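*Asks:* Sharing a structure here in structure tokens format.
The values are calculated or read from the model by the stated rules, or taken from the named source; none is laboratory data. For clarity, every value in this text was computed on a predicted model and none was experimentally measured. Ligands, DNA and RNA are stripped out before the accessible areas are found, and what is left, the full protein with its side chains, is counted by its heavy atoms. Shrake-Rupley method; radii C 1.70, N 1.55, O 1.52, S 1.80 Å.
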Amino acid sequence: MFQDSLRGASARVKARLDAALSDGADLPVIQAMRYALKGGKGLRGFLVIEGARLHDVAPENAVFAAAAVEAIHAYSLVHDDLPCMDDDDLRRGRPTLHVEWDEATAVLAGDALQSLAFEMLAAEADTAPEIRLSLIASLAQASGAAGMVLGQAQDIAAESAAQPLDLDQITALQANKTGALIRWSAEAGAVLGGADPGPLRHYAQALGLAFQIADDILDIEGDAQKTGKRLRKDAEAGKATFVSLLGLDGAKAKAATLVAEAEAALSPYGPAAETLRDAARFVIARDS
């Protein structure tokens, strides 16, 4: 059920983004934006659409927000892969954008994807203006210097720190770098439905941390062919991860505890939230 819902949400988001990028399709920057959007699980877009469904908002009325957060996520990956950041040459099983094109195109494509996200939120005339404003403001915060960008800055600073980060520090870093967009995605459905986002916020806080711990585990145990990216890079650089701090078994146990917390947070929704519970279980069972 979860995999079907994930595929359905991903297809809706892809169609919306394709339509948004239909003008100027021959321009190199548009081609680069399309390249950046290819692949990936579409988990954040799924969370928007599934959270909206819980609040009686139809997928066609939530897909604009789902597409917006996937555009932000794609931009963040393009910039994170740049030589001045993580300097990666493989993403989603393909050359990173700056390798396929060049650094300037990668920077511009990332900038344009970020702008596209807010354009999509602002232009959705079928959604009440106050809801659109709320989504715009909260996504700006989640993706900016109080959220994802802060986490990226903390990650870069950690590379030159005299001592590796401790558990509290790396938890705070990942709550920003990975968790902020996951939280926004989960809460957006409640915002669209005019409901309290609290239960979905608690779900997403646990989900986001479990997701990052699973990434750290995959970095040790994963197969590069399946993950589509270079592995063991953090360990080689001596960076602290949940695995280095907790051990492999400890990290797995912590991830399982977080999944249980995520599932429990959904109790107000009863059986209607089973697909989101499946998503939490998927996060720590995935191989990519």
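*Asks:* Using a 1.4 angstrom probe, figure out how much accessible area the chain has per residue, in square angstrom, rounded to the nearest whole. Could the numbers behind the result be given before it?
*Replies:* Numbers: 12640 Å² over 288 residues.
So the chain comes to 44 Å² accessible per residue, rounded to a whole number.
*Asks:* Hey, of (1) 66, 51, 42; (2) 51, 48, 32; (3) 70, 52, 36, which did the structure itself give for Cα extents along the principal axes in Å when calculated?
*Replies:* Matching the structure shown: (2).
*Asks:* Rounded to the nearest percent, how much of the accessible area of segment 113-162 (1.4 Å probe, protein heavy atoms only) is carbon and sulfur?
*Replies:* Numbers: 1440 of 2470 Å².
Within segment 113-162, the accessible surface is 58 percent carbon and sulfur.
*Asks:* Using modelled backbone amide H atoms (1.01 Å from N, in-plane), which distant-in-sequence or interchain residues come within less than 5 Å of ARG91's amide H?
*Replies:* Sorted by chain and number, the residues that satisfy this are THR96.
*Asks:* Here is a follow-up. Between ALA122 and LEU27, what length comes free when the chain is fully extended (0.36 nm per residue of separation minus the Cα-Cα distance, one decimal in nm)?
*Replies:* Details: separation 95, 0.36 × 95 = 34.20 nm, distance 2.40 nm.
Roughly 31.8 nm would be gained on extension.
*Asks:* Which whole-number percent gives the relative contact order of the chain, counting Cα pairs below 8 Å spaced six or more residues apart?
*Replies:* Taking the mean separation of contacting Cα pairs over the length of the chain, I get 20 percent.
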